[in-house]
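A.B. asks: Below: one structure in structure tokens.
Laboratory data are not the source of any read-out in this text; all were calculated from the coordinates shown. Bear in mind that the values here come from a model prediction, so they are computed numbers and not experimental data. FYI the Cβ positions are ideal-geometry reconstructions off the backbone, even for glycines, and counts take in every protein chain you see.
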Amino acid sequence: MRFLVRLVVNAVALWLTTLIVPGVAVHAFGDQGTVATVLTYLLVAFVFGLVNAVIGTIIRIVAFPLYVLTLGLISFVVNAVLLLIVAGISEAFGFGLDVDSFGWGIVGAFVLAVFAWLIGLFVRPVLRRQRA
């Protein structure tokens, strides 16, 4: 259940990010209908979660000295790289995320993280009530 909620939270955060950041867009596959668009956002959020869990963890371990040296500011660059990797993977499959440049990747990753955090603030108490 938590996995599905996090997937939806990331998909909604991605949708809000594409509304605000002009350099980040999601292109739906199929007939471009509402269902195809929602499925595309969910699929891109799933790919982002996988990339973040696997590649992101490896990058964070290798770049740990840079995190210490820059007081964590390198995380903006790492998250932008992860967003660009997701864009490349989804583009290879013919749908999904489109990031115009590395600069838009940094802005998009920051906005995406803020929206995911804000939505998580509202969803977290609901998840806690379900467990109790």
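A.B. asks: With r defined as the distance between the Cβ atoms of Tyr67 and Leu118 and R0 fixed at 22 Å, what FRET efficiency is calculated, to the nearest 0.05?
C.D. replies: Details: r = 24 Å, r/R0 = 1.07.
Calculated value: 0.40.
A.B. asks: Quickly estimate the mean residue ellipticity at 222 nm for the chain, helices only: each DSSP H run with n ≥ 4 gives -39500 (n - 2.57), and the total goes over all residues, rounded to 500.
C.D. replies: Numbers: 5 runs with 103 residues, N = 132.
One gets -27000 deg cm²/dmol as the mean residue ellipticity at 222 nm.
A.B. asks: So I have [x] 16.3, 56; [y] 15.2, 48; [z] 16.0, 52, and one of them is Rg and Dmax of the Cα atoms in Å calculated from this model. Which one is it?
C.D. replies: Among [x] 16.3, 56; [y] 15.2, 48; [z] 16.0, 52, the one derived from this structure is [y].
A.B. asks: Calculated FRET efficiency, Phe102 and Arg128, Cβ-Cβ r, R0 35 Å, to nearest 0.05?
C.D. replies: Working: r = 38 Å, r/R0 = 1.08.
Once the sixth-power term is evaluated, E becomes 0.40.
A.B. asks: Ranked from highest to lowest mean number of other Cβ atoms within 10 Å per residue, what is the order of the peptides 113-125, 60-72? Kindly include the intermediate steps, with their values, before the conclusion.
C.D. replies: Working: 113-125: 14.1, 60-72: 11.8.
Ranking, from highest mean packing down: 113-125, 60-72.
A.B. asks: Something else about it: Using the crude model of +1 on Lys and Arg Cβ and -1 on Asp and Glu Cβ, and no other charge, please compute the dipole size for the chain relative to its Cα centre, in debye to 20. Walk me through the intermediate numbers first.
C.D. replies: Values: 7 positive and 4 negative charges, 172 e Å.
Dipole size: approximately 820 debye.
A.B. asks: How large is ³J(HN,Hα), in whole Hz, for each residue of the stretch 51-61 in order, when computed from phi with the Karplus curve 6.51 cos²θ - 1.76 cosθ + 1.60 and θ = phi - 60°, using x for Gly and Pro?
C.D. replies: Karplus-based 3J(HN,Hα) across the stretch 51-61 equals 4, 5, 6, 8, 6, x, 5, 4, 5, 5, 5 Hz.
A.B. asks: In the chain, if the dipole is taken from +1 on Lys/Arg beta carbons and -1 on Asp/Glu beta carbons about the Cα centre, which of Val12, Val107, Ala92 is farthest to the positive end?
C.D. replies: Val12
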